[in-house]
1. Hey, any hits in the stretch 210-219 for a residue that's under 28 Å from VAL49 (Cα atoms), of a type in the set (Lys, Arg) and touching a Leu at 6+ places or on another chain (Cβ under 7 Å)?
2. Do you know which residues across the stretch 170-193 are open to solvent by less than 10 Å² (accessible area, probe 1.4 Å), within 28 Å of VAL87 (Cβ to Cβ) and not β-branched (Val, Ile, Thr)?
3. Go through (1) in contact with a helix residue (DSSP H, G or I) (Cβ under 9 Å, 6 or more places away or on another chain); (2) open to solvent by 10 Å² or more (accessible area, probe 1.4 Å) for GLN44 and report which single condition fails.
4. Considering only residues of the stretch 61-89 that are open to solvent by 20 Å² or more (accessible area, probe 1.4 Å), part of a helix (DSSP H, G or I) and touching a Ser or Thr at 6+ places or on another chain (Cβ under 9 Å), which is farthest from GLU123 (Cα to Cα)?
5. Could you tell me which numbered condition VAL222 fails, if it satisfies all but one of (1) among the hydrophobic types (A, V, I, L, M, F, W, C); (2) open to solvent by less than 60 Å² (accessible area, probe 1.4 Å); (3) at pLDDT 95 or above; (4) outside any helix (DSSP H, G or I)?
6. If only one of VAL20, VAL107, VAL92 is among the hydrophobic types (A, V, I, L, M, F, W, C) and open to solvent by 80 Å² or more (accessible area, probe 1.4 Å), which one is it?
7. So, in the stretch 1-28, how many residues would count as being in contact (Cβ under 8 Å) with a residue 40 or more places away in the chain, over 20 Å from SER138 (Cα atoms) and part of a helix (DSSP H, G or I)?
8. Among (1) in a loop (DSSP other than H, G, I, E, B); (2) in contact with a strand residue (DSSP E or B) (Cβ under 9 Å, 6 or more places away or on another chain), there is one condition ASN105 misses while meeting the rest; what is its number?
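The values are calculated or read from the model by the stated rules, or taken from the named source; none is laboratory data. Since this is a predicted model, take the numbers as computed values, not measurements. Note: ideal-geometry Cβ built from the backbone for every residue, glycine included; neighbour counts use all protein chains shown. Accessible surface is based on the protein model in full, side chains and every heavy atom, while ligands, DNA and RNA are left aside. Shrake-Rupley method; radii C 1.70, N 1.55, O 1.52, S 1.80 Å.
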Amino acid sequence: MFRKISEESSLYDNLEKKSVHELLVDINAEDKKVAEAVERAIPQIEKLVSLVAPRMRQGGRLFYMGAGTSGRLGVLDASEIPPTFGVPPTHVIGLIAGGDTALRNAVENAEDNTEQGWADLMEHHINRKDTVIGIAASGTTPYVIGALRMARQHGVLTGCITSNPESPMAAEADYPIEMIVGPEFVTGSSRMKSGTGQKMILNMISTSLMILLGRVKGNRMVNMQLTNQKLIDRGTRMIIDELGLDYEHAKRILLMYGSVKKAVDAYKEEERGE
C-alpha cells in the first residue's frame, strides 16, 4: 500500500521556539540520514546506470524530468555536464514542468498536466536509444508520471527517483530508485532531505556515466571546458603532471588544443613522430 512518508509529520515540533543552535543541530541530524538512504538505494542506481551507458554510447540521450525542486535539480545536473566533461548540451537534458520560467518562479498548475511532459519530450524527438528519469519526492507528480507512461509505451528506457516506496511514479518506471529519507524537518518540505538525496543520486548517475563514456582519465576532468582562468590553470597543471613540461609550455598547448586530453594526445603524437 502506497504510503507518503515524505508528507508525514516532522519528528520535531515547536520549531519557532528553538534557538539557532538547536535548529542547526537538528537539521544536521536529519541530513545525516540522507547518505544512508542513498547507500541503501545503490543496487537500484547500479541497475539503471548499467543500462543507460550502452545506450549513450550508441548516441542515446539522458532526460531528467521533474517539477519544482526536483525539476530544478535535474536541470542543474544536466547544465553542469557540458563544462565539466566537455560533451554537448544535448547529451543530458533537464526538463522542468512550466519550462525555464519555473527555474526561478513557481508556475501555477504546471505539474498537474499529465500530457505536457510527453509533449516536452516530443519536442526533442525522443527515441528508443534515449532514457528518461523522472524525479519527484512524492512520487505522484502528474507531469512526470504521464511522461514516463508514454515513454515506456514507446520503448524508451525509464527510471525515477522518489522518496516514497511503491509510488505511482515508480509503477510507471522500468527501474525505480526509492530513496527513503523519512519525514522532513519542516513537514512536507521536500527541498530539504529529499532534495539533498536527489542531488546526490543525480551526481552518482551522471558522473558514473561520464566516466564509463571515457570523459575522465585517472581521476581528472581532462575534457572540461576552459571557461575561466581557474580552469585554465587547473588544466595547465594536469598537463604538467602528465608530460613534465614547464608551466608556460603546458598552458600554451592547452589553449592551442582546447582541452587537456587533446593537448596531451597531440603532444605525445608529435613526440612519437620525432
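1. No: the stretch 210-219 contains no residue that is under 28 Å from VAL49 (Cα atoms), of a type in the set (Lys, Arg) and touching a Leu at 6+ places or on another chain (Cβ under 7 Å).
2. ALA173, MET179
3. (1)
4. THR84
5. Against the list (1) among the hydrophobic types (A, V, I, L, M, F, W, C); (2) open to solvent by less than 60 Å² (accessible area, probe 1.4 Å); (3) at pLDDT 95 or above; (4) outside any helix (DSSP H, G or I), VAL222 comes up short only on (3).
6. On inspection, the qualifying residue turns out to be VAL20.
7. Residues that pass the stated criteria total 3.
8. The number of the failed condition is (2).
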